[in-house]
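Please read the structure below before turning to the comments.
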Amino acid sequence: MTPPATPVRNSNAERDIANVLHPYTDHRAHAKNGPLVIARGEGVKVWDDQGKEYIEAVAGLWCASLGFSNHRLAEVAYEQMKKLPFYHAFTAKSHEPLIDLSEMLIERAPCAMSKVFYANSGSEANDTAIKMVWYYNNAIGKPEKKKIISRLKAYHGITIASGSLTGLPANHKMFDLPVGDRFIHVSTPHHYHGAKPGESEADFATRLAQELEDTILREGPETVAAFFAEPVMGAGGVMVPPATYFDKIQAVLRKYDVLFVADEVICGFGRTGNYWGCQTYSITPDIITCAKALSASFLPISAVIINDRVFQGLADGSSTIGTWGHGFTYSGHPVAAAVALETLKIYDELNIVEHVNKVGAHMQAKLRERFEGHPLVGEVRGIGMVAAMELVADKGAKKNFEPSAKVGPRLAKLGEAEGVILRGLANDTIAFSPPLIMKADEVDEMVERTGRALDALAVQLR
Ligand code: PLP
């Protein structure tokens, strides 16, 4: 029998449209517009398959911390593949990259931590943290303490549980999320939109802490298990917390014995100007989840770092049942672990935190200088090497454009023409989270290209 004839498709774009289902994409629009095919990368830049160069203003997905070329990481991966390409960590099996990386993460943790568990993505790390919290409370004899509080506009991932924690409509609509009745969302700590007229950051933070306390009391403190938070909210719009926010939130959590899970998937490893976002905001978490910059995103790996209190609960439960029935085939994959270990060594050698403080201060100043006065920009915000500018239809009224006008995506498209890859978030907010290795002159070029795109957008909107 002759196989059915397959249509001949030559270009990458045609073959992509024919075969690929893209994450975070309007599939109908994609069928018309096609993909941007990225062919190679070097430093903070990438090139498409037509040879056009772009500065990556978001390091891919806030993740390519060492940029798009690093032979040392490639060699470590190759050597590890030759030595031991796979082994697992189930039933107490281990290997050196796993042991070395765990020791290094415990040494570097922002507060006293006990053990590290590995997964492959931020979503899986947060799913794991949720399961740990539930398991822990069952093990310590508090089976009713299961509800989890996160914030509206939080981004914690897209699996069923982590997607339930996420507080963004696009991640819930038509997916039937949040699932069950254990996920509760409180207000976004974004002073620009959330504060009442004349309300100081500190007063706004007091009000949010009161809301958290009221929520815990309404639900019953005996039912509330954990609070999940990104130190700086990323994909929801780069919201830097108002002054005193985390101090006041942590006081409430301590009062009602609610665990703090810090989602460091974006903030971890220098992004906010400290090794951890927790250090930037004096957070003492019980559990930390991290991914992305953990391996500079050369390979997928995420980690869940837990304190001794949580570990003791998991250990008791596992000895009662006979096992802790959780783990992924690729938990602590040796090649990913070896690459992550080398990544952390490179951060030390580059003095990455110092670099972020220096270049981050320049980036924040440059963005404000170029965009704060722009008629389309309502707010420029950020810290370290993470920032955003929010586009508005009415600056005085802080009024966003209608989503149907797709102003953010239009700017991203104009950015491509100018040679900068931008990421538009909800509310036409444009994120900046470049590779941590970006230098000051590359920041200037990124801002300049973005500025030209924004001016072109202003002409279009006239
Ligand atoms: N948590 C935060 C703060 C994130 O920014 C992300 C992804 O952007 C995730 C979790 C989910 O990570 P992943 O996409 O690897 O599942």
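Is it the case that Glu79 is within 15 Å of the ligand (Cβ to nearest atom) and in contact (Cβ under 8 Å) with a residue 40 or more places away in the chain?
no
Would it be correct to say that Ser297 is among the polar types (S, T, N, Q) and within 16 Å of the ligand (Cβ to nearest atom)?
Considered against the rule, which asks whether it is among the polar types (S, T, N, Q) and within 16 Å of the ligand (Cβ to nearest atom), Ser297 comes out as yes.
Going by the conditions given, is Asp394 without any contact (Cβ under 8 Å) to a residue 40 or more places away in the chain, surrounded by fewer than 23 Cβ atoms within 10 Å (Cβ to Cβ) and closer than 24 Å to Asn274 by Cα?
Answer is no for this residue.
What are the residue pairs meeting all of these: first residue in region 253-278, first residue over 13 Å from Ile149 (Cβ atoms) and in a loop (DSSP other than H, G, I, E, B), second residue of a type in the set (Asp, Glu) and within 11 Å of the ligand (Cβ to nearest atom), Cβ atoms under 9 Å, and 6 or more apart or on different chains?
Glu264/Glu230; Val265/Glu230; Ile266/Glu230; Cys267/Glu230; Arg271/Glu264; Trp276/Glu264
Among (1) assigned to a helix (DSSP H, G or I); (2) in contact (Cβ under 8 Å) with a residue 60 or more places away in the chain; (3) touching a Ser or Thr at 6+ places or on another chain (Cβ under 8 Å), which single condition is Lys248 missing?
(2) is the only condition that Lys248 fails.
Do we have Ala388 as modelled with pLDDT of 95 or more, in a helix (DSSP H, G or I) and under 20 Å from Met438 (Cα atoms) here?
no
Sort through Gly273, Gly313, Gly220, Gly277 and tell me the only one that's out of contact with any helix residue (DSSP H, G or I) (no Cβ under 9 Å at 6 or more places or on another chain), of a type in the set (Gly, Ala, Ser) and more than 16 Å from the ligand (Cβ to nearest atom).
Every option except Gly220 fails the conditions.
Among the residues of region 16-57 satisfying the criterion of being more than 22 Å from the chain's Cα centre (by Cα) and among the small types (Gly, Ala, Ser), which is farthest from Ile421 (Cα to Cα)?
Here the residue is Ala18.
Using beta carbons and a limit of 6 Å, which pairs, at least six apart or on different chains, have the first residue in region 157-180 and farther than 15 Å from Pro23 by Cβ and free of Cβ contacts under 8 Å to residues at least 40 places away in the same chain and the second one of a type in the set (A, V, I, L, M, F, W, C) and within 13 Å of the ligand (Cβ to nearest atom)?
From residues that are farther than 15 Å from Pro23 by Cβ and free of Cβ contacts under 8 Å to residues at least 40 places away in the same chain, the pairs are Ala161/Ile130; Val179/Ile160.
Search region 107-124 for residues being farther than 11 Å from Ile288 by Cβ and in a helix (DSSP H, G or I), and hand back the single one that is nearest to the chain's Cα centre (by Cα).
Among those that are farther than 11 Å from Ile288 by Cβ and in a helix (DSSP H, G or I), it is Gly122.
Could you please find all residues in region 232-245 being on the phi < 0 side of the Ramachandran plot and either more than 10 Å from the chain's Cα centre (by Cα) or outside any loop (DSSP other than H, G, I, E, B) (or both)?
Met233, Met239, Val240, Pro241, Pro242, Ala243, Tyr245
Mind checking which residues of region 124-182 are more than 13 Å from the ligand (Cβ to nearest atom), of a type in the set (S, T, N, Q) and within 17 Å of Ile216 (Cβ to Cβ)?
Residue satisfying the conditions is Asn137 alone.
The values are calculated or read from the model by the stated rules, or taken from the named source; none is laboratory data. This is a predicted model, so every value here is computed, not measured. Here Cβ is always computed from backbone atoms with ideal geometry, including for glycine, and neighbour counts include all displayed protein chains.
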